[in-house]
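J.: After the structure tokens below, expect a handful of questions from me.
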Amino acid sequence: MYVDHILENLRLLVMKRWRKLTGHLGWVFGPSLLGIVPLAERLGYATEQLAFYTGDTVGGLLNATFGNATELIISIYALKSGMTRVVQLSLLGSILSNMLLVLGCAFLCGGIVNHKKEQVFNKAAASVNSGLLLMAVMGILFPAVLHYTHTEVRVGKSELSLSRLSSCIMLVAYVAYLFFQLKSQRSLYVSVNEDESQNGNNSNDDESPDISKWETLIWLSVMTAWISILSEYLVGAMEGASMAWEIPVAFISVILLPLVGNAAEHASAIMFAMKDKLDISLGVAIGSSTQISMFVIPFCVVIGWIIGQPMDLNFQLFETAALFLTVIVVAFMLQEGTANYFKGLMLILCYLIVAASFYVHVDSSQ
């Protein structure tokens, strides 16, 4: 009799959870989230193959660009649905994930595999990226300060106007950075491995692409199209999944979505670090963070301006503080131009602190 009572209570609990799950479309969010993972990984593989035809600098830039296609597609769908806060949080999460988790795993795995020697990378290029990230923090910080100090000239309008102006300036700065990187000062971005190959000391000359350039472009197109389809379902079921799983939307947006979206960067950065190609790893991880902060976020603000969705750069105080501290920590890690497994471990532990903080954080804008 007692066993029957326990089984009946268990059955009622399962049925309650199932109705709650299906009623809020949580079952749609889970498969969509998992389905994007292999597609993002294949996207990273295709961009890696394309890097054989373009060189380390352009290859790292392309890897970061196509790797960010997932975040950009998800953001556009969310923006069209009026979910501007989800766009802010997911893009912020992508920056935090790339700078702490992706770079940390690359340093950790690369340091373990190449433990007999010190891994080095182009310190000058890393310093330029750190400067751009600090500029992005400045652009995001001032709208938040303006909001919380209540010093707007026009309440409710000055903050949005400043965000749009800052976004346009950040887009101009990123275009200038691309010209500086690819045309004006290409010698500054010569990687350590390319420099060694010019001196005849590179041991990786026997590597060759597995597929042709046109096959790579076809794969990129197909993977991007499938990701866009799954992203539409993912965004539509996000709030329902938050209610069904009893997880804050902020945690899903900042931690879970970027983990999926950064699968391509994660796999590529670790693989290149294990091959002692840290400049490409930094181009993927830090370059991706720079691209999101200086291009994707301002671009979304401008797109929102065009379609009538008032997205601004006020990411709220807690989120802005997390971004500022992350940029400072990573800038200190990169200033020596060397990497080891302990630096990677510290970055990963910092990411765990950030993830735990967002799990217990209540979004003040909701």
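Read-outs: derived from the displayed coordinates by stated rules, not from any lab. Predicted, not measured: the structure shown is a model, and the values here were computed from it. Neighbour counts are summed over all protein chains in view; Cβ atoms, including those assigned to glycine, are modelled from backbone coordinates with ideal geometry.
J.: Which of the residue pairs Lys80/Lys275; Lys116/Lys213; Lys213/Lys275 have a Cα-Cα distance greater than 32 Å in the structure shown? Walk me through the intermediate numbers first.
T.: Details: Lys80/Lys275 41 Å; Lys116/Lys213 36 Å; Lys213/Lys275 22 Å.
Where the Cα-Cα span goes over 32 Å, the pairs concerned are Lys80/Lys275; Lys116/Lys213.
J.: Short version: ³J(HN,Hα) in whole Hz for each residue of segment 294-311, in order, from phi by Karplus 6.51 cos²θ - 1.76 cosθ + 1.60 (θ = phi - 60°), x for Gly and Pro, what are they?
T.: 9, 10, 5, 5, x, 5, 5, 4, 5, 4, x, 4, 5, 8, x, 9, x, 7
J.: Right, here's the next one. Could you give the alpha-carbon Rg of segment 285-326 over 2.2 N^0.38 Å, rounded to two decimals? Don't skip to the end; give the middle numbers.
T.: On the way: Rg = 11.8 Å, N = 42, 2.2 N^0.38 = 9.1 Å.
Ratio of Cα Rg to 2.2 N^0.38 Å: 1.29.
J.: Turning to a different aspect of this structure: For a quick protection proxy, order the peptides 142-152, 81-91 by their average other-Cβ count within 10 Å, most packed first. List each step's numbers first, then the result.
T.: Values: 142-152: 14.6, 81-91: 22.4.
Per-residue Cβ counts within 10 Å, averaged per peptide and sorted highest first, yield 81-91, 142-152.
J.: What ranking, highest mean first, results for peptides 215-227, 303-315 when packing means the other Cβ atoms within 10 Å averaged over each residue?
T.: Working: 215-227: 16.5, 303-315: 18.2.
So the peptides 215-227, 303-315, ranked by packing, come out 303-315, 215-227.
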